[in-house]
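What follows is calculated from the coordinates using simple rules that are stated; it is not laboratory data. Fair warning: this is a prediction, and the values are worked out from it, not measured in the lab. Don't worry about glycine lacking a Cβ; one is built from the backbone with ideal geometry, like all the others, and counts go over all protein chains shown.
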Amino acid sequence: MTTNSRIIFNEMPHGLPNPKTALIVDDTQSIDLDNVPLQGGILVKALAFSLDPYMRNRMRPVEIQGDIDAFALGETITGFSVAVVLRSETPLIQAGQHVYGFMHANALGMKGLSLQVLDNKYNLPWRYYVGILGMTGQTAYYGLKDISNPKPGETLYISAACGAVGHMVVQLAKAQGLKVIASCGSDQKVSLVKSLGADHVFNYKTANTAAELRMHGPIDIYFDNVGGPTLEAAIDNVACNARIVICGMVSQYNLGTDKTYGIRNLWLLNRYRAKMEGLVVIDWADKYLDEFHDVVPRDLAAGKLKYLEHVYNGMERVGEALVDLLIGNNVGKSVLVLEDGV
Ligand code: NDP
């Protein structure tokens, strides 16, 4: 029998989760790798697990509706993983292949067939598939398509610009001939984002966002990762016919629903004929996933795209990694790596 570690949702947070107790690792389960019944599916070993801000929204009582299921207290959490296939009972997937998709956070597990078999033709590290080549890369890529509708010479503002989605948006926007204004939460991140080609980068903790946008705007596209007063400052500085992409509102996730920030200047959307639209990554996969798979691995392998990632080695670092994301201690995509060298 082999120990089958898993990540459990252990404690309902009020405000910021406790990094030591909200998510914990349980080592009490084991699995017989050779004989566990697969029922026509596959047996996989997890290699890397994605940590994402939306996980904070899943830490709520299951009775409260949300756009994605709540984590059940005491149960294994789910998220995006990349895994290697150990055994297969289907001709569609062979042992030794790698798969990506939404999985339980178990070291080892039996899976159905809704996973994507990876064709890693540029031989990139497998863990990249939970980051720039997975959901967060896709979010940036899709968000810069129809909703942003960018035209060369326009000005885009991106918040949380040194994060998983943000640093990809910076690079894609520059490649499309946009002027990029970017904000992030430390001077180290400012330097990194400048090195990716952004035209003007500021530390929103030490600069005044509205003043920066007044000076370097107006903004044709705002790619909103943080919400709250930053969104309000962006609306104050939109150009005529601006597009605001509501991707996420990480500044609000640890506040109770009664404490979220009320945006006060929505009327300006009328004055400036601006539009604001929600982006949900899965909605755009049918249209752009094939193109994404053609373009992004190729550009990454060729060095045209740079990837910033924050690797946490070992399942037991999950709580720390999630909280880092929520307070800005991560630099780039947060990834929990479960096996050396993947
Ligand atoms: P990041 O890697 O960007 O990590 C989150 C970052 O948010 C932190 O590093 C921190 O950066 C910033 N942050 C945290 N708290 C605050 C705050 N109070 N004010 C401003 N910034 C803050 O995460 P992702 O790239 O994975 O996600 C970015 C956003 O995109 C999130 O809102 C997420 O929910 C959303 N998202 C939406 C998807 C969709 O389909 N709509 C899919 C994927 C992500 P800093 O140091 O700069 O403060």
Taking a label point 7 Å from the Cα of THR257 along Cα-to-Cβ, the residues of the stretch 28-70 whose backbone nitrogen sits under 19 Å from it are 54-70
Bounding extents of the stretch 153-242 in its principal axis frame from Cα atoms, largest first in Å, are 31, 29, 20
Near LYS121, which aspartates and glutamates are there with a Cα under 18 Å away, not counting those fewer than 8 places off in the same chain?
-> ASP290, GLU291, ASP294, ASP299
Once amide H atoms are placed 1.01 Å from N in the peptide plane, what residues at a sequence separation of 5 or more from MET276, or on another chain, have their amide H within under 5 Å of its amide H?
-> ILE244
Any idea what Rg and Dmax come out to for the stretch 277-321 if you just take the C-alpha atoms, in Å?
-> 15.3, 38
Scan around ALA48 for amide H atoms under 5 Å from its own, H built in the peptide plane at 1.01 Å from N, and keep only partners 5 or more places away or cross-chain.
-> VAL82, LEU338
Sorted largest first, the C-alpha extents of the stretch 103-151 along its principal axes in whole angstrom are 46, 24, 17
Taking the convex hull of the alpha carbon atoms in the stretch 129-173, what volume per residue do you get, in Å³?
-> 64 Å³
A student asked for the Cα radius of gyration and Dmax of the stretch 45-175 in angstrom ought to give 17.3, 53
Given H placed on each backbone N at 1.01 Å, which residues far from LEU118 in sequence or on other chains put an amide H within less than 5 Å of it?
-> HIS98, VAL99, TYR100
Quick one: which of LYS174/LYS306; LYS205/LYS333; LYS151/LYS179; LYS151/LYS189; LYS189/LYS306 span more than 18 angstrom between C-alpha atoms?
-> LYS205/LYS333; LYS151/LYS189
Specify the longest stretch of the chain that does not include any exposed loop site, a site being one of the trypsin sites (Lys or Arg not before Pro) with a non-H, G, I, E, B DSSP assignment and at most 13 other Cβ atoms within 10 Å.
-> 21-120
Of PRO17, PRO229, PRO37, the one that fluctuates the most in a GNM where the chain has Cα springs shorter than 10 Å | PRO37
For the stretch 43-114, the percent of all C-alpha pairs falling in each 10 Å bin, from 0 up to the bin holding the max distance, is 19, 44, 26, 11, 0
Shape metrics for the chain, restricted to C-alpha atoms - Rg then Dmax, Å = 20.5, 66
